[in-house]
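Just below is one structure, and these are the notes that go with it.
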Amino acid sequence: MNKFYQKDIISIKDFDKEQLEEIFSFTDKIMRMDSTERREISKGKTLAYLFYEPSTRTRLSFDSAIASIGGNSLGISDISSSSTQKGESLADTVKIMSIYSDVLVLRHPLDGSSRFAAEVSSKPVINAGSGTEEHPTQAIQDLFTIKKEKKMIDGLKIGIVGDLKYGRTVYSLLHGLGNYDVDVHLISPESLRIRTDSTYEIKKRLSFSESTDIEEHIDELDVLYVTRIQKERFPDEEEYLKVKGSYIVGMDLLKKMKDDAIVLHPLPRLDEISTDIDSTKNAKYFDQAEYGKYTRAALLGLTLNQDGF
Amino acid sequence: MNKFYQKDIISIKDFDKEQLEEIFSFTDKIMRMDSTERREISKGKTLAYLFYEPSTRTRLSFDSAIASIGGNSLGISDISSSSTQKGESLADTVKIMSIYSDVLVLRHPLDGSSRFAAEVSSKPVINAGSGTEEHPTQAIQDLFTIKKEKKMIDGLKIGIVGDLKYGRTVYSLLHGLGNYDVDVHLISPESLRIRTDSTYEIKKRLSFSESTDIEEHIDELDVLYVTRIQKERFPDEEEYLKVKGSYIVGMDLLKKMKDDAIVLHPLPRLDEISTDIDSTKNAKYFDQAEYGKYTRAALLGLTLNQDGF
Amino acid sequence: MNKFYQKDIISIKDFDKEQLEEIFSFTDKIMRMDSTERREISKGKTLAYLFYEPSTRTRLSFDSAIASIGGNSLGISDISSSSTQKGESLADTVKIMSIYSDVLVLRHPLDGSSRFAAEVSSKPVINAGSGTEEHPTQAIQDLFTIKKEKKMIDGLKIGIVGDLKYGRTVYSLLHGLGNYDVDVHLISPESLRIRTDSTYEIKKRLSFSESTDIEEHIDELDVLYVTRIQKERFPDEEEYLKVKGSYIVGMDLLKKMKDDAIVLHPLPRLDEISTDIDSTKNAKYFDQAEYGKYTRAALLGLTLNQDGF
């Protein structure tokens, strides 16, 4: 029996290096299959999505993942605009959705929501983003992208730039990187530095440096992971505009980077990365989106099949 | 040829006991099948849903039902927020939707809407709730649940509590129970008593007693069917709060009930049933939701297959 | 290899008569197939829809088309109410959606949007309506309907009535008719006449007369194509009501038409065609909707299969 069968996917912290590498290996396997073979993996299985905050991108990534392995999806894409918004409890909604499906994909603004949902659900629950720090399938997608494009993760120097305070993507990625021997460099405006309380655990497994200057170690990076800086995070617009300009990845910056460095982004991108980067060999954010589809397909396939695939 | 083939499902009043029992028997058959076998029943058939009032729960029950028998679904989940809301008539919309599908599932606020839709549709129409009194698939789900859990329906004493005036679920259930030899006890606040004009027909086939006190016959009931009491129905909030409190099913009440009594609810539940009931052997409302998926799958399978399945 | 394989469908102007006839012939083929055979055509393929303006009708026509040939669909039905509305560029959204699917269906208010999307997409793009003049799949549906119902298109006299200024359907249909030897008669209020600048190209291939009087050539028409006149187009309501009344197709008008003339409408219809026409042998607008499903299925099948089907 494969060890992921009927297991919940709640936090990236629940995965050790061996498990991650096993998922990567199944993702590789799925990518090598032809589409007919792939559709046999979870033929006729139903995924139910339950989104307490809208995320079209993440939902469609799961929709396309389950379709690629032969299943189908149904659910609620934005519960705030749904009739389910009649005051029903999360527990009741999860119980019903798990009756309607073989696997449940939950997105929720509150920390702990996925863990709780997994307790009450009769089917495995996959966390598609919860609270401030958890987005395990995004972290797996990101780690797979690095592995795939750089052949290995150990030994790399990885820069992460942008809003490091509010993005759950960054925290999940850092926890995932904690399984590897990497050198992490965090770049953000002072007001958007990573939260000290949240890195207590991360620091036990991962050393990182911090800087407000994107150019400081730019020539040493193997990976530059870019995230959005959102206007809403700033008390006044002037401050925002000043800060934003300093973290845009353009051709000038790219020229200072290693020839084989890669640029990643969880998307959607606004203007953090200028579009002339898109056509360079360093731009890997669209590949990253494609890998996201296949890592999710692998996770779903492992969760739904006793003996793997 | 099976007698439900290409037939509309408009009103629970159109079903006699023999027909209901046949549907129950096909539901049992579907539940015994493995998922691969089940998906052959309506492989590749398309269900179109057309909801003139939103009901995420009912829509998803149909979505999961058609998926479980190998079909797919498409449609309009809330026509008020749809571009179809350009003033097109119900007749035109129904005609088009029936071109796009093999079976049409309609929800509409007006009495008679389903009957009318069935007239103009080129495909069978299933009423997923219309007007004040009709919700035939919910009634079939409820009757099947009682049969499944109590082994028979004849001879039971059934209490129905809550808002009996406005819920279409209750009227449909009473009409369905009219086919059986049951003893019905209705419990509601004075202002939410069942409508006299609507029970004229029911009374010919079914005798029931009425009470405002939930405890009155509580120790005699085999089934307690609980419905929501909605705040909006009351002229002032104080009145609502007073009434609401009197109809909450908690452990104290459950202890007064027969040991093998079952508690049902069409869901979603707010606080009409306290959550500590959930883990008792009497709580059958989540099973009821699951049976709803399979009774709908059976109805769809019978409607779509000439020789049944 | 079939000539439509992996090709974008951007403008009706890109299709010559031979290509149109080939599509019609594949549409005929699809209509003759039984549903099991049909579902093999694009088994397991995924269509992604990306609608920058809502159009439930067009979306459902594509949904049902891809379902009928064994595929599935996912996407964004109204991007303005979607989280993708975070300011992401059309190019980025198209790139991602093409990763998630085998073919992309785009609807967008701007001229040129589909052509641009096709440039950046890694999968074929089908224009489901863009800007003021392009709606190629609607034109193909309309031409196929005429061919199917009148056996040929050459030699026909075709009247087009209603709002000829703002409807993109009309411009696409005229460009499509430019491939045939037809006599076109345009009927509209003065203020909703066809745009002179837009017909410059059309006039090179097609001669048409114009009139404000629907009765002028009514007895000569083989086809009457009716479009909606929208209230919003008029400066004052009185003007609108006066004009609207003059272009309603009722039994009186139908009696003046040829016995075998056909009446078409892209739908949805408001009261441009009175409902007593529906049951006459001349009313072909619901058949037109059905042909729309099958022409789209044929286009999708050709785009997705190297050797056709």
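Could you check, for segment C:262-283, whether at least one of its residues is free of Cβ contacts under 8 Å to residues at least 24 places away in the same chain, within 11 Å of chain B (Cβ to nearest Cβ), open to solvent by less than 50 Å² (accessible area, probe 1.4 Å) and not hydrophobic (A, V, I, L, M, F, W, C)?
Yes: segment C:262-283 contains one or more residues that are free of Cβ contacts under 8 Å to residues at least 24 places away in the same chain, within 11 Å of chain B (Cβ to nearest Cβ), open to solvent by less than 50 Å² (accessible area, probe 1.4 Å) and not hydrophobic (A, V, I, L, M, F, W, C).
Among the residues of segment C:116-143, write down those that are over 8 Å from the mean Cα position of the chain (by Cα) and either β-branched (Val, Ile, Thr) or assigned to a helix (DSSP H, G or I) (or both).
C:116, C:117, C:118, C:119, C:120, C:125, C:126, C:132, C:143, listed by residue number.
Could you give every pair whose Cβ atoms fall below 6 Å, whose first residue belongs to segment B:16-42 and is within 14 Å of another protein chain (Cβ to nearest Cβ), and whose second residue is assigned to a helix (DSSP H, G or I), counting only separations of at least 6 or pairs across chains?
B:31/B:294; B:38/B:68; B:41/B:301; B:42/B:301; B:42/B:304
Just checking, does segment A:97-107 include any residue being within 16 Å of the chain's Cα centre (by Cα) and either at pLDDT below 95 or surrounded by fewer than 24 Cβ atoms within 10 Å (Cβ to Cβ) (or both)?
No - not one qualifying residue is present in segment A:97-107.
Any residue at all in segment B:167-189 that is in a loop (DSSP other than H, G, I, E, B), open to solvent by 10 Å² or more (accessible area, probe 1.4 Å), out of contact with any Cys (no Cβ under 9 Å at 6 or more places or on another chain) and basic (Lys, Arg)?
Scanning segment B:167-189 turns up no residue that is in a loop (DSSP other than H, G, I, E, B), open to solvent by 10 Å² or more (accessible area, probe 1.4 Å), out of contact with any Cys (no Cβ under 9 Å at 6 or more places or on another chain) and basic (Lys, Arg).
Counting only residues that are within 12 Å of chain B (Cβ to nearest Cβ) and among the aromatic types (Phe, Trp, Tyr), which one in segment C:43-54 is farthest from residue C:71 (Cα to Cα)?
The extreme case among them is C:51.
Okay, residues lined up against (1) touching a helix residue (DSSP H, G or I) at 6+ places or on another chain (Cβ under 9 Å); (2) among the aromatic types (Phe, Trp, Tyr):
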position	(1), (2)
C:246	no, no
C:254	yes, no
C:264	yes, no
C:272	yes, no
C:280	yes, no
C:283	yes, no
C:286	yes, yes
C:291	yes, yes
C:296	yes, no
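Yes or no, residue by residue, for (1) under 17 Å from residue A:306 (Cα atoms); (2) more than 8 Å from every other protein chain (Cβ to nearest Cβ); (3) among the basic types (Lys, Arg); (4) assigned to a loop (DSSP other than H, G, I, E, B):
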{"position": "A:3", "(1), (2), (3), (4)": "yes, yes, yes, yes"}
{"position": "A:13", "(1), (2), (3), (4)": "no, yes, yes, no"}
{"position": "A:58", "(1), (2), (3), (4)": "no, yes, no, no"}
{"position": "A:97", "(1), (2), (3), (4)": "no, no, no, no"}
{"position": "A:111", "(1), (2), (3), (4)": "no, yes, no, yes"}
{"position": "A:114", "(1), (2), (3), (4)": "no, yes, no, no"}
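It is to be established whether one or more residues within segment A:245-252 are at pLDDT 95 or above and in a loop (DSSP other than H, G, I, E, B).
The answer is yes; a qualifying residue exists.
Please go through segment A:1-60 and give me each residue that is over 16 Å from the mean Cα position of the chain (by Cα), β-branched (Val, Ile, Thr) and open to solvent by less than 50 Å² (accessible area, probe 1.4 Å), ordered by number.
A:30, A:41, A:46 - these are the residues of segment A:1-60 that are over 16 Å from the mean Cα position of the chain (by Cα), β-branched (Val, Ile, Thr) and open to solvent by less than 50 Å² (accessible area, probe 1.4 Å).
When you check residue C:192 against the structure, is it open to solvent by less than 30 Å² (accessible area, probe 1.4 Å) and either over 15 Å from residue C:262 (Cα atoms) or outside the structural domain of residue C:243 (by TED's automatic domain parsing) (or both), yes or no? Talk me through it step by step, then tell me what you get.
Details: open to solvent by less than 30 Å² (accessible area, probe 1.4 Å): yes; either over 15 Å from residue C:262 (Cα atoms) or outside the structural domain of residue C:243 (by TED's automatic domain parsing) (or both): yes.
Criteria met by residue C:192.
Every residue, every condition in (1) surrounded by 13 or more Cβ atoms within 10 Å (Cβ to Cβ); (2) within 19 Å of residue B:173 (Cβ to Cβ), yes or no:
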site: B:241; (1), (2): no, no
site: B:246; (1), (2): yes, no
site: B:259; (1), (2): no, no
site: B:290; (1), (2): yes, yes
site: B:293; (1), (2): yes, yes
site: B:308; (1), (2): yes, no
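Can you work out which of the residues in segment B:116-143 that are of a type in the set (Ser, Thr, Tyr) and within 12 Å of chain C (Cβ to nearest Cβ) is surrounded by the fewest Cβ atoms within 10 Å (Cβ to Cβ)?
Of everything passing the filter in segment B:116-143, B:122 is surrounded by the fewest Cβ atoms within 10 Å (Cβ to Cβ).
Condition first: closer than 30 Å to residue C:35 by Cβ, over 17 Å from the mean Cα position of the chain (by Cα), part of a helix (DSSP H, G or I) and free of Cβ contacts under 8 Å to residues at least 40 places away in the same chain. Can you find one or more residues in segment B:77-88 that meet it?
We begin by selecting, within segment B:77-88, every residue closer than 30 Å to residue C:35 by Cβ; these are B:77-79, B:82-84, B:88.
Subset that is over 17 Å from the mean Cα position of the chain (by Cα): B:77-79, B:82-84, B:88.
Of the ones still in play, those that are also part of a helix (DSSP H, G or I) are B:79.
If we keep only those that are free of Cβ contacts under 8 Å to residues at least 40 places away in the same chain too, we end up with B:79.
Yes, segment B:77-88 has at least one match.
Per-residue answers, yes or no, for (1) surrounded by fewer than 19 Cβ atoms within 10 Å (Cβ to Cβ); (2) part of a helix (DSSP H, G or I); (3) not basic (Lys, Arg):
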| position | (1), (2), (3) |
| --- | --- |
| A:197 | yes, yes, yes |
| A:200 | yes, yes, yes |
| A:204 | yes, yes, no |
| A:209 | yes, no, yes |
| A:215 | yes, no, yes |
| A:219 | yes, yes, yes |
| A:225 | no, no, yes |
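The values are calculated or read from the model by the stated rules, or taken from the named source; none is laboratory data. Model, not experiment: these values are computed from the prediction. All Cβ positions, glycine included, derive from the backbone under ideal geometry; neighbour counts span all protein chains shown. Side chains included, ligands, DNA and RNA excluded: accessible areas come from the protein's heavy atoms. Shrake-Rupley method; radii C 1.70, N 1.55, O 1.52, S 1.80 Å.
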